[in-house]
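S.K.: Below: one structure in structure tokens.
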2 protein chains.
Amino acid sequence: MFRSHTCGALRLSDVNSKVTLAGWVQTVRKFGSISFVDLRDRYGITQLLFAESLQSLLDDQPLGREFVLQVTGTVTERSNKNPQMPTGDVEIAVEKFIILNKSITPPFTIQDDTDGGDDLRMKYRFLDLRRPAVKKNLTLRYEVGRSARNYLHEQQFMDIETPFLIKSTPEGARDFVVPSRMNPGQFYALPQSPQTFKQLLMVSGYDRYYQIVKCFRDEDLRADRQPEFTQIDCEMCFVEQEDILMMFEGLLRRIFKDVKGIDYTETIQRMSWEEAMWTYGNDKPDIRFEMKLCNLKFPSHAFPGKSSMEARISDAGFKVFDDAETVIAFAVPGCSEYTRKQTDELTEWVKRPQIGMNGMVFIKCNADGSFKSSIDKFYEPQKLEAIATAVNAKAGDLILILAGNEEKTRKAISDLRLYMGQQLGLRKVDEFKLLWVLDFPLFEYAEEGNRWVARHHPFTSPHPADIEKMIGNSPEIRNPSEYLKHPYAQIKANAYDMVLNGNEIGGGSIRIFQKELQQKMFAALGMDEAEQQNKFGFLLGAFEYGAPPHGGIAFGFDRLCAILGGSESIRDFIAFPKNNSGRDMMIDAPSGIDQQQFDELQIKLNLKNQ
Amino acid sequence: MFRSHTCGALRLSDVNSKVTLAGWVQTVRKFGSISFVDLRDRYGITQLLFAESLQSLLDDQPLGREFVLQVTGTVTERSNKNPQMPTGDVEIAVEKFIILNKSITPPFTIQDDTDGGDDLRMKYRFLDLRRPAVKKNLTLRYEVGRSARNYLHEQQFMDIETPFLIKSTPEGARDFVVPSRMNPGQFYALPQSPQTFKQLLMVSGYDRYYQIVKCFRDEDLRADRQPEFTQIDCEMCFVEQEDILMMFEGLLRRIFKDVKGIDYTETIQRMSWEEAMWTYGNDKPDIRFEMKLCNLKFPSHAFPGKSSMEARISDAGFKVFDDAETVIAFAVPGCSEYTRKQTDELTEWVKRPQIGMNGMVFIKCNADGSFKSSIDKFYEPQKLEAIATAVNAKAGDLILILAGNEEKTRKAISDLRLYMGQQLGLRKVDEFKLLWVLDFPLFEYAEEGNRWVARHHPFTSPHPADIEKMIGNSPEIRNPSEYLKHPYAQIKANAYDMVLNGNEIGGGSIRIFQKELQQKMFAALGMDEAEQQNKFGFLLGAFEYGAPPHGGIAFGFDRLCAILGGSESIRDFIAFPKNNSGRDMMIDAPSGIDQQQFDELQIKLNLKNQ
């Protein structure tokens, strides 16, 4: 061992001990004829004192930042203590030192506030990983994993490994494929998730399965996606939805306790998908703050159970509202005194291409009870007051209203609500609000092909009450324009998403476990029998031999860690992430391969642009 | 929840409780007007009693093997208790039952001694996994993993995930590659091990890393190899060989304790590679039994430090020994009374193509002190006695001798020793003997290319005492026939293998951490600077920024579990293994992919046989 203690271990009680430390030189400070060196390792920093007698040796072998150093010396009490550091009461009076390795000057400073840009830090990720901020993130990641494993172990889940070289069944996301040398012309696929394998383990009677496992999706990478990502993947036998919700609320409570020291004892809210869309404009609402939406006008087919407030805005000759499919408002508390500049800026914000609205309407609910709006020309004060009442705005609030096509407007108002929450400091990184979103539609309509696609995946069971509706009706859509009237559009999935602070951190479902229903589902998605057999014959086969009722959930491990760490970026919580082109900048992958590899795999390139 | 208790939970203390169980029908036994059903789940088996009143219902819905059944009833004391089963004191007086799912007749019986052949069981792996023997194996696997994680956690190791989509650097084994759609013409490789990443984590100061991680090798599969396999992969900073040995002896002792209930307190033996080859004929000796080899004759260049016993066998006119490069013997205790048939069978055994010897010599050391051998014609009793003394044979032993070319003979005698150990029952599955093999040669000579290849991998450090020998000499081999005289042939690696019962279960090394030495190593393996930079530029770069001394080890998790489970086959300890052609028989992978996938990846097939 190159050390007797780590750089985080020594305290006042160790004074007079002879110790050996090894670590990295964080700083060198020379004061006249003595030098102080901060020596760093994973566990902390310890101050070293090089007395006058060592100076000529030090002059011969000068220390630089990031040098690897081994020192032997005596622990002494510091005259000038540093209460910020656990080791701040002591220093080492160095007697002997060995430079174990040198370092050239790093391309950026190894500090939380580094001067290195993103590309530079990714290229030198091994240096970036030395920064305390990144170390803290990876440590948190380890703690989350450890906590999850301990909880699941106590709940009798078994970690069972599923294969990585599986079969390509491209629907939904694109597979990464792997040519098989031993089976020329054939390919493995890397798993997008262990879905079918974990279901087979339930058929095999393993009862409770989990795995913290890499999954792969060959998608065009958005800002915060990675081609390889990690899931906490779980499945249980003989359960209904309620059992799963309770079990995994327990998992999250345990993680909060173990990792953040938070007793998350409050009831975890539940909300239907329809309610989430209606009240927050999206299916993963951030409920750390209110500002609920008020639907002043909406297409009745989208929310058949809701009643319209259209009367409050119609008959005013305001063409923007009259022509719009959907008008949605919400009240921003205490912002009635926004200046013209501020409201203009909000209007510009919603007109950005990412949001894409043509404009924004606002109503100031003044403290004195009067109203001032951008639509005063069309709406008298009484009418504005009626709208304010509907929106549940109080004196001092600012009402923001967007109008337009249903889908775009709902997304835009949802984004605007989140933006205002951010502006007002209502999205605190150290406040955590969990939410279950339930009762998703089982199917989504795809215009391309005039067909149904699975909203979750083809193994999700319909709600028990809707199974008859699915079995008793044909999936065929005779009138595309009225697809919402098709019985399939009304079928709810026995599925659930867990949302944390406006991010989907997990999702799952009770699965289909009857062969006939699974076949009906495949058929509904447009798979004929041959295709069903080719792609999922093993699963249909397994369902013939006593498949039990089962269900499960998968958590996005990277995202969960990022949110717990107070970050929006998963990349900061992955040791060796890829950039938005799927490249590992450090090792420079992907890259070309040898001709021998092409020959052995019996494939060749077929580049379009050559 | 479909159940109030599992099928392994109920005891006498539960009598009179109303319970609901769910599980699989193991057996149905009808006695007159009542029926007994054994209901099975992961946790056990509980006996159900269907009274006369339920018979007509049962007649309407007959139960079959592997049906999924839910029953509600009252726990009652059995009149006919079964002490073999934890639940054997009770049964359930069924009041209500629901068939949750049916099963067609399984293609083989779900029992330890199944009637299913290998192919059938692999195709229906989801049924094979139901067999108690397989469940026990996967449970043991989970326990080994859990035990390892707990130990490593307590020793401050952090589980850090390394990437799966990395760079192809084919040397040693072949890489599996993954075409990149976003970077046409380029490929990722799947990792053969996280070697360079774990070293970078040490450079980054993570100090103690571990991962239980899938690795991939595209090799022609021998009987007990899998294209994807799992390692317990570990690395530590600021350590020397002794630190690693102690740390991982601790890991194994912990696993023995946690998983097998064995206090493995005895000292773990250590042996140099040379000693292992000399005494056991291979580098992973099974030391559960003696029968050490006696080298009667050997080429001096292979074991330069050993002295020859050739005089004992020469000058007898026995051409087989006189012409042989190597003659090796060992004594089989208590087998001097083997019949002619038995010695003939042994001779046939060594003549099989897998062993490939031309014959075998034996000497019977009779109980009365006389000798009888297959070479009596050439050797007088005194000469036979001299050999017996050399071999350390006692009266009653049978000496077996093989002669021939060094490499083949040594391997053959090693195999013969293991075979005799097996025959004599000396290789007990419930006896465990750990062994460290040390001081491997750093390089192996490759005739093809007249060059050096790394015996372990290119990141293994030479023994501290041999570093000068490596730096001070050129790798060039001027005289291929005398390569053993080259200084590089004498360099020992700072590497270690852990051997359990004759199987290598782990191996590792102290790594090179100096850029110049690493470059020297790459050059010794025939990589020019451009190739070094292209393949390992990131590692050489990292070594410039303060790389600490470090080392590590990786355990073959599948094999470790198999040996602990008393099996030679890793396949029995993998949930979804592949066959010897790398196929998953159940999901039928690998398989063809769509034209769209080829187009998107910009590759095409280039089949030789078309």
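The values are calculated or read from the model by the stated rules, or taken from the named source; none is laboratory data. If you're wondering where the values come from, they're calculated on a predicted model, not measured in any experiment. Backbone-built Cβ (ideal geometry, glycine too); neighbour counts: all protein chains shown. For accessibility, only protein heavy atoms count, side chains too; no ligands or nucleic acids. Shrake-Rupley method; radii C 1.70, N 1.55, O 1.52, S 1.80 Å.
S.K.: Residue by residue through segment A:158-195, note down the ones that are under 26 Å from the mean Cα position of the chain (by Cα), at pLDDT 95 or above and among the β-branched types (Val, Ile, Thr).
M.R.: A:Ile160, A:Thr162, A:Ile166, A:Val177
S.K.: Looking only at residues that are hydrophobic (A, V, I, L, M, F, W, C) and touching a Ser or Thr at 6+ places or on another chain (Cβ under 9 Å) in segment A:461-494, which one is surrounded by the most Cβ atoms within 10 Å (Cβ to Cβ)? Spell out how you get there, then give the answer.
M.R.: Within segment A:461-494, the subset hydrophobic (A, V, I, L, M, F, W, C) is A:465, A:467, A:470-471, A:477, A:484, A:489, A:491, A:493.
Okay, now just the ones that are also touching a Ser or Thr at 6+ places or on another chain (Cβ under 9 Å), so A:467, A:493.
On the way: A:Ile467: 17, A:Ala493: 23.
Within segment A:461-494, the match that is surrounded by the most Cβ atoms within 10 Å (Cβ to Cβ) is A:Ala493.
S.K.: Just to be sure before I move on: is B:Ile593 open to solvent by less than 20 Å² (accessible area, probe 1.4 Å) and part of a loop (DSSP other than H, G, I, E, B) in the structure I sent?
M.R.: Details: open to solvent by less than 20 Å² (accessible area, probe 1.4 Å): no; part of a loop (DSSP other than H, G, I, E, B): yes.
Taking the combined requirement at face value, the residue does not satisfy it.
S.K.: Same structure, new question: For the subset of segment B:143-194 comprising residues that are touching a Gly at 6+ places or on another chain (Cβ under 8 Å) and more than 7 Å from chain A (Cβ to nearest Cβ), which member is surrounded by the fewest Cβ atoms within 10 Å (Cβ to Cβ)?
M.R.: Checked segment B:143-194; the qualifying residue surrounded by the fewest Cβ atoms within 10 Å (Cβ to Cβ) is B:Gln155.
S.K.: Also, I was wondering about something else. When only residues in segment A:101-124 that are closer than 20 Å to A:Pro62 by Cβ and open to solvent by 30 Å² or more (accessible area, probe 1.4 Å) count, which is modelled with the lowest pLDDT? Outline the logic, then answer.
M.R.: At the first step, the residues of segment A:101-124 found to be closer than 20 Å to A:Pro62 by Cβ are A:101-106, A:109-110.
Subsequent filtering for residues that are open to solvent by 30 Å² or more (accessible area, probe 1.4 Å) retains A:102, A:104-105, A:109.
On the way: A:Lys102: 97, A:Ile104: 96, A:Thr105: 93, A:Thr109: 88.
Looking at the filtered set, the residue picked out is A:Thr109.
S.K.: Scan segment B:220-230 residue by residue and report those that are modelled with pLDDT of 85 or more and in contact with a helix residue (DSSP H, G or I) (Cβ under 6 Å, 6 or more places away or on another chain).
M.R.: Our first condition is that a residue be modelled with pLDDT of 85 or more; within segment B:220-230, this holds for B:220, B:225-230.
Passing the criteria: B:Phe229, B:Thr230.
S.K.: Hey, another quick one. Given A:Pro441, A:Pro458, which one is open to solvent by less than 20 Å² (accessible area, probe 1.4 Å) and touching a Lys or Arg at 6+ places or on another chain (Cβ under 7 Å)?
M.R.: Result: A:Pro441 is the single residue among A:Pro441, A:Pro458 that is open to solvent by less than 20 Å² (accessible area, probe 1.4 Å) and touching a Lys or Arg at 6+ places or on another chain (Cβ under 7 Å).
S.K.: Which residues, taken from segment A:214-236, are open to solvent by less than 10 Å² (accessible area, probe 1.4 Å) and either out of contact with any strand residue (DSSP E or B) (no Cβ under 9 Å at 6 or more places or on another chain) or hydrophobic (A, V, I, L, M, F, W, C) (or both)?
M.R.: First pass over segment A:214-236, keeping only residues open to solvent by less than 10 Å² (accessible area, probe 1.4 Å): A:215-216, A:218, A:227, A:230, A:232-236.
The answer is A:Cys215, A:Phe216, A:Ile232, A:Cys234, A:Met236.
S.K.: I would also like to ask the following. Any idea which of (1) more than 22 Å from the chain's Cα centre (by Cα); (2) part of a helix (DSSP H, G or I) is the one B:Ala148 doesn't satisfy?
M.R.: If we test B:Ala148 against (1) more than 22 Å from the chain's Cα centre (by Cα); (2) part of a helix (DSSP H, G or I), just (1) comes out false.
S.K.: Something else about it: Within the group B:Val429, B:Val361, which residue is of a type in the set (Val, Ile, Thr) and closer than 23 Å to B:Lys284 by Cβ? Working first, answer last.
M.R.: Numbers: B:Val361 fails: closer than 23 Å to B:Lys284 by Cβ.
Answer to the check: B:Val429.
S.K.: Let me ask something additional. Going by what's in this entry, would A:Lys102 be described as more than 22 Å from the chain's Cα centre (by Cα) and within 11 Å of chain B (Cβ to nearest Cβ)? So that I can check it myself, show each step before the final result.
M.R.: On the way: more than 22 Å from the chain's Cα centre (by Cα): yes; within 11 Å of chain B (Cβ to nearest Cβ): yes.
Here the answer is yes, as A:Lys102 does meet what is asked.
S.K.: Next question. Might you let me know whether segment B:135-142 holds any residue that is assigned to a loop (DSSP other than H, G, I, E, B) and either surrounded by fewer than 21 Cβ atoms within 10 Å (Cβ to Cβ) or at the interface with chain A (Cβ under 9 Å from one of its Cβ atoms) (or both)? Show your work before the answer.
M.R.: First, pick out the residues of segment B:135-142 that are assigned to a loop (DSSP other than H, G, I, E, B): none.
Checked segment B:135-142: no residue is assigned to a loop (DSSP other than H, G, I, E, B) and either surrounded by fewer than 21 Cβ atoms within 10 Å (Cβ to Cβ) or at the interface with chain A (Cβ under 9 Å from one of its Cβ atoms) (or both).
S.K.: Given (1) open to solvent by less than 60 Å² (accessible area, probe 1.4 Å); (2) under 48 Å from the mean Cα position of the chain (by Cα); (3) over 25 Å from A:Val203 (Cα atoms), identify the lone condition not met by B:Gln55.
M.R.: Against the list (1) open to solvent by less than 60 Å² (accessible area, probe 1.4 Å); (2) under 48 Å from the mean Cα position of the chain (by Cα); (3) over 25 Å from A:Val203 (Cα atoms), B:Gln55 comes up short only on (2).
S.K.: Mind checking which residues of segment B:7-50 are within 14 Å of chain A (Cβ to nearest Cβ), open to solvent by 30 Å² or more (accessible area, probe 1.4 Å) and in a loop (DSSP other than H, G, I, E, B)?
M.R.: B:Ala9, B:Arg42, B:Tyr43, listed by residue number.
S.K.: Of everything in segment A:51-76, what is closer than 17 Å to A:Ser103 by Cβ and part of a helix (DSSP H, G or I)? Give them in sequence order.
M.R.: Step one: filter segment A:51-76 for residues closer than 17 Å to A:Ser103 by Cβ, giving A:58, A:61-71.
Within segment A:51-76, just A:Leu58 meets the criteria.
S.K.: If you don't mind, there's one more thing I want to ask. Restricting to segment A:369-383, give me the number of residues that are open to solvent by 60 Å² or more (accessible area, probe 1.4 Å) and either outside any loop (DSSP other than H, G, I, E, B) or not assigned by TED's automatic domain parsing to the domain that holds A:Lys394 (or both).
M.R.: Here the count works out to 4.
S.K.: Here's another thing I want to ask about it. Yes or no: segment B:225-245 includes at least one residue that is out of contact with any Pro (no Cβ under 7 Å at 6 or more places or on another chain), facing chain A (nearest Cβ under 7 Å), over 25 Å from B:Leu435 (Cβ atoms) and in contact (Cβ under 8 Å) with a residue 60 or more places away in the chain.
M.R.: Yes.
S.K.: Just one of (1) assigned to a helix (DSSP H, G or I); (2) under 28 Å from B:Cys561 (Cβ atoms); (3) open to solvent by 10 Å² or more (accessible area, probe 1.4 Å) trips up B:Glu431, so point out which.
M.R.: Unmet condition: (1).
S.K.: Tally the residues that are closer than 28 Å to A:Gln422 by Cβ and either out of contact with any strand residue (DSSP E or B) (no Cβ under 7 Å at 6 or more places or on another chain) or open to solvent by less than 40 Å² (accessible area, probe 1.4 Å) (or both), restricting the search to segment A:284-305. Before the answer, list the steps.
M.R.: Our first condition is that a residue be closer than 28 Å to A:Gln422 by Cβ; within segment A:284-305, this holds for A:284-298, A:302-303.
Adding the requirement that they be either out of contact with any strand residue (DSSP E or B) (no Cβ under 7 Å at 6 or more places or on another chain) or open to solvent by less than 40 Å² (accessible area, probe 1.4 Å) (or both) leaves A:285-291, A:293-298, A:302-303.
Selection size over segment A:284-305: 15.
S.K.: Looking at the structure I just gave you, is A:Gly582 more than 25 Å from B:Pro191 (Cα to Cα), within 14 Å of chain B (Cβ to nearest Cβ) and buried (at least 20 other Cβ atoms within 10 Å of the Cβ)?
M.R.: Details: more than 25 Å from B:Pro191 (Cα to Cα): no; within 14 Å of chain B (Cβ to nearest Cβ): yes; buried (at least 20 other Cβ atoms within 10 Å of the Cβ): yes.
Judged against the criteria, A:Gly582 is not a match.
S.K.: Right, next: May I ask you to say which residue of A:Glu249, A:Glu310, A:Glu275 is acidic (Asp, Glu), surrounded by 15 or more Cβ atoms within 10 Å (Cβ to Cβ) and in contact with a strand residue (DSSP E or B) (Cβ under 7 Å, 6 or more places away or on another chain)? Outline the logic, then answer.
M.R.: Details: A:Glu249 fails: in contact with a strand residue (DSSP E or B) (Cβ under 7 Å, 6 or more places away or on another chain); A:Glu275 fails: in contact with a strand residue (DSSP E or B) (Cβ under 7 Å, 6 or more places away or on another chain).
Answer to the selection: A:Glu310.
S.K.: Hey, does segment A:85-93 have a residue that's of a type outside the set (Lys, Arg), touching a residue at least 60 places away in the same chain (Cβ under 8 Å), open to solvent by 20 Å² or more (accessible area, probe 1.4 Å) and closer than 24 Å to B:Tyr206 by Cβ?
M.R.: First, pick out the residues of segment A:85-93 that are of a type outside the set (Lys, Arg): A:85-93.
In the following step, the residues that additionally are touching a residue at least 60 places away in the same chain (Cβ under 8 Å) were identified as A:86-87, A:89-90, A:92.
Now restrict to residues that are open to solvent by 20 Å² or more (accessible area, probe 1.4 Å): A:86, A:89.
Now drop any that are not closer than 24 Å to B:Tyr206 by Cβ, which leaves A:86.
Yes, that holds for at least one residue.
S.K.: Additional query: Quick one: count up the residues across segment B:585-610 that are in contact with a strand residue (DSSP E or B) (Cβ under 8 Å, 6 or more places away or on another chain) and touching a residue at least 24 places away in the same chain (Cβ under 8 Å). Break it down stepwise before answering.
M.R.: Of the residues in segment B:585-610, the ones in contact with a strand residue (DSSP E or B) (Cβ under 8 Å, 6 or more places away or on another chain) are B:587, B:589-593, B:597-598, B:601-606.
After this cut, where a residue has to be touching a residue at least 24 places away in the same chain (Cβ under 8 Å) as well, the list is B:601-603.
Of the residues in that region, 3 qualify.
S.K.: Looking at the structure I just gave you, is A:Ile587 within 11 Å of chain B (Cβ to nearest Cβ) and either of a type outside the set (Lys, Arg) or within 25 Å of B:Ser591 (Cβ to Cβ) (or both)?
M.R.: Details: within 11 Å of chain B (Cβ to nearest Cβ): yes; either of a type outside the set (Lys, Arg) or within 25 Å of B:Ser591 (Cβ to Cβ) (or both): yes.
When the stated conditions are applied, A:Ile587 passes them.
S.K.: Taking the condition of being in contact (Cβ under 8 Å) with a residue 60 or more places away in the chain and open to solvent by 30 Å² or more (accessible area, probe 1.4 Å), how many residues in segment A:514-558 meet it?
M.R.: Of the residues in segment A:514-558, 1 are in contact (Cβ under 8 Å) with a residue 60 or more places away in the chain and open to solvent by 30 Å² or more (accessible area, probe 1.4 Å).
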